[in-house]
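Rule-based calculations on the coordinates, nothing more; no lab input. Please read these numbers as outputs of a predicted model, since none were measured by experiment. Cβ placement follows ideal geometry from the backbone for every residue including glycine, while neighbour counts extend to all protein chains displayed.
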Amino acid sequence: MKYAYYPGCASQTITKEYDSTTKKVCKILGIELLEMTDANCCGAGLITDYNYELSITLNARIFAIAEKMGLDIMTICSTCLMIMSRANKELKEFPKLLKKVNKTLEKAGLHYSGNVKVTHFLWTLSQDYGLDKLKAMVKKPLKDMKIAPYYGCHILRPSNALGFDDPEKPVSLERLIETLGGDAMPNEGKTRCCGFQIVLVTQETAVDMIGNRLKEAKDAGGKCMVSPCPLCHINLDSYQREAEKKTHQKFEMPVFHLSQIVGLALGMSIDELELGRHLVSPENAITTVVGD
Amino acid sequence: MTVKGCEPFLQAYDIDVNNGDTILDALHKIKDVQDGTLSFRRSCRSAICGSCAVNINGAPKLACKTQILPEFEKHGRLTIEPLSNFPVIKDLVVDFDSFWEKVHKIEPYLTPKESSAKTKDKDGFWIIKKQDALKIDDVSNCIFCGSCYSACNTMAVDNQFIGPAALAKVWRFAGDVREGNNKKRLAKVSEDHGIWSCSRCVECTQVCPKDVKPLIAIEDTRAKAIKAGIKDNAGVRHVESMVDSVKRTGLLDEATMTVKTLGFMRSLGIIPLGLKMEFHGKMPLPNLFKSIKGIEEVKKIYEEVEKKGSRVKAGTHPKDGWGS
């Protein structure tokens, strides 16, 4: 199993620990990742707001690089996943668009034929690797860990471009948590928005969204959350104190990256999981697994 | 159920269901036979009037377009509730007043500019090219059912937000080649609680029963507002810092983006958060020197697309006839 690995910009800076722990987990599982070190940013939708053609051509450059590598793309960021999937769907569906984009790409010495698939680490684990195989690799089951799954938006919607989980009733995170031996705590906010895209624009609105998501996870009995998206992680973890201040509540809700709960169950140490990089310490949430 | 003077509660009804029955059929059966007080809106029964949108197992849908059995099989239950983000009047009937106020606020009518010889046919009527009509085709299909407004994440915490339905309607006119009032129209929706408050959660576009794609309309409107030079807001600074960063380095430079979007003074306000992040090794540093190896390819793409500038207008999508 081998992928062109696209970590996304956030996991090369703020959430580096998501990138490095994904690499460690994949090494243990035997999933080979060839990092696309030369790939550009997907634009996160912001370039679409500026110029649609620029956005789709920049995404086509990413696909052209993967196509040259002869591999499908695996990302760990839901927003990269959604932006790339939307662009890829349009390029595959509209031959005239692909031709036009290629005209520009060729000026930069590139070409995309439309043969690359884009997937997310969660989907890779759930489908390509398989949960049975993953279960057999578990060394330290996440016993008594009450984990609130948090999907957020871009791994679910728009489903016509993504199509892995049903956006009305997603199950992949719950199944993964159960495979790892943890307790999945379903909560009504799991498919709602963390507000990342507006946290620098209308921070008040975003912080309200963050507060609601943390409250819903907590009310459902979650002692921690898991997110497949580094951007949701930034909001839910780094802005948690702001949400507490604004809503006059105490959450103390550690948020794990997807790779970290998998790594924990595979027996990786706290140091290897780089939990110290979180603003809300996850140490209390894992005592049932690693002891005090 | 909502009864005056009571806390809202859920009421269970048992009914026999036939294959193919819709949620609206069920509501009618209940009202006819079991509970004449049950209140809901409905009219056309063919997914065109937009009256009967309700939350079905948590997602806004048209009662007349949704069959009972597939819903029940998927969720193992059937919970029908009034739309979210609207005040409830009674049972499934919600108050659309603020929804309509917002639609009216965007001036939902054409203010045509003078047609020129180039745009007129021999009888003096505007000639609309197919690709121009296609640009506003999706948004013309809106039936004002309120599903997007109900699902909207920004609306849930900011009730002044103008909302996806009204914003899709903005593009209906801003994207019309005949519109002559765009500068004012775009300036108005660039204000607070307008286009830049959308958090891109994609709920509107996911739940729309008529495939209006409000998010794409919002993206198109944003691009058009930037092109029209309406740039004095954090939303545009956010976009422009991304566009610049990718052009310069190929990647997103989070630190520069923060300072550019917030402006220098407001950036000072997030220094405490920055310090906390720095303590955990998370503080992003400006990418002054680092860029991807293939940055020249990225610059070439920018150069080519920007060169075409006038040919590829804001709001250009495959639906404009690039495809087919």
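Under a model in which nothing but the beta-carbon of Lys, Arg (+1) and Asp, Glu (-1) is charged, the protein assembly as shown shows a dipole of about 1880 debye around its Cα centre. Taking 4.7 Å between beta carbons as the limit, the unpaired Cys residues of chain B are B:6, B:52, B:64, B:142, B:145, B:152, B:198, B:208.
Could you line up A:121, A:164 from fewest to most neighbouring Cβ atoms inside 10 Å? Present the calculation step by step, with values, prior to reporting the outcome.
Details: A:121 27, A:164 18.
Result, fewest neighbours first: A:164, A:121.
What separates the Cα centres of region B:190-268 and region A:162-192 is a distance of 29 Å.
Kindly state, to the nearest 0.05, the FRET efficiency for residue A:115 paired with residue A:188, given R0 = 45 Å and r defined as their beta-carbon distance. That gives a FRET efficiency of 0.70. Note on region B:97-227: with charges restricted to the Cβ of Lys and Arg (+1) and Asp and Glu (-1), its dipole about the Cα centre is near 560 debye.
Multiply the residue gap between residue B:187 and residue B:211 by 0.36 nm, knock off their C-alpha separation, and tell me the result in nm, one decimal place. Show your work: numbers first, answer last.
Numbers: separation 24, 0.36 × 24 = 8.64 nm, distance 2.67 nm.
Between residue B:187 and residue B:211, full extension yields 6.0 nm more.
Between residue A:182 and A:142, the built amide H atoms are under 5 Å apart, and every one of these is 5 or more places off in sequence or on another chain.
Counting only alpha carbon atoms, the long axis of helix A:203-219 and the longest principal axis of chain A meet at about 50°.
Go ahead and estimate [θ] at 222 nm for the protein assembly as shown from helices alone: -39,500 (n - 2.57) per DSSP H run with n ≥ 4, summed, over the residue count, rounded to 500. Walk me through the numbers on the way to the answer.
Working: 26 runs with 254 residues, N = 616.
Computed ellipticity for the protein assembly as shown at 222 nm equals -12000 deg cm²/dmol.
Between region B:155-171 and region B:1-30, what is the separation of their alpha carbon centroids in Å? Measuring centre to centre over Cα atoms gives 29 Å. Amide H contacts for residue A:119 (H built 1.01 Å from N in the peptide plane; partners 5 or more residues away or on another chain; cut-off under 5 Å): A:73, A:74, A:75.
Label-to-label distance, residue B:14 versus residue B:228, with points set 7 angstrom from Cα along the beta-carbon direction: 5.9 nm.
What is the projected area of the convex hull of the Cα atoms of the protein assembly as shown, averaged over all directions, in nm²?
Numbers: hull surface 118.1 nm².
Answer in nm², one decimal: 29.5.
Find how many whole Å separate the alpha carbon centroid of region A:249-292 from the alpha carbon centroid of region A:42-103. Value for the Cα centre distance between the two parts: 34 Å. Sparse packing (at most 15 other Cβ atoms within 10 Å of the Cβ) combined with a DSSP loop state is found for the following chymotrypsin sites (Phe, Trp or Tyr not before Pro) in region B:115-163: B:125. Taking the Cα centre of chain A as origin and assigning +1 to Lys and Arg Cβ atoms and -1 to Asp and Glu Cβ atoms, the resulting dipole is close to 560 debye. Overall, the anisotropy analysis places region B:234-292 in the oblate class: the square-rooted eigenvalues a ≥ b ≥ c of its C-alpha gyration tensor yield a/c not less than 1.5, with a/b not exceeding b/c. Residues whose amide H comes within less than 5 Å of that of residue A:225, counting only those at least five positions distant or on another chain, are A:148, A:255, A:256 (H built at 1.01 Å from N in the peptide plane). Taken over chain B, the convex hull of the Cα atoms encloses 219 Å³ per residue. Between the residues A:194, A:181, A:170, the greatest Cα displacement towards the positive end of the dipole of region A:133-290, with unit charges on the Cβ of Lys, Arg, Asp and Glu, is found for A:181.
Please report the antiparallel percentage of the DSSP beta bridges confined to the protein assembly as shown, to the nearest 5.
Details: 11 of 29 bridges.
Given both bridge residues lie in the protein assembly as shown, the antiparallel proportion sits at roughly 40 percent.
Here the ratio of the Cα radius of gyration of region B:100-197 to 2.2 N^0.38 Å is 1.21.
Once the Cβ-Cβ distance between residue A:290 and residue A:138 is put in as r, and R0 is 22 Å, what FRET efficiency do you end up with, to the nearest 0.05?
On the way: r = 14 Å, r/R0 = 0.64.
E(calc), rounded to 0.05, equals 0.95.
Could you work out, residue by residue across A:85-91, how many beta carbons of other chains sit within 10 Å of that residue's beta carbon, and then give the average as an integer? Kindly include the intermediate steps, with their values, before the conclusion.
On the way: counts 0, 2, 0, 0, 1, 5, 1.
Per-residue shielding by partner chains comes out at 1.
Once a ≥ b ≥ c are taken as the square roots of the eigenvalues of the Cα gyration tensor of region B:23-94, is the result rounded (a/c under 1.5), prolate (a/b larger than b/c) or oblate (a/b not larger than b/c)?
Values: a/c = 1.26, a/b = 1.13, b/c = 1.11.
Note, shape of region B:23-94 comes out rounded.
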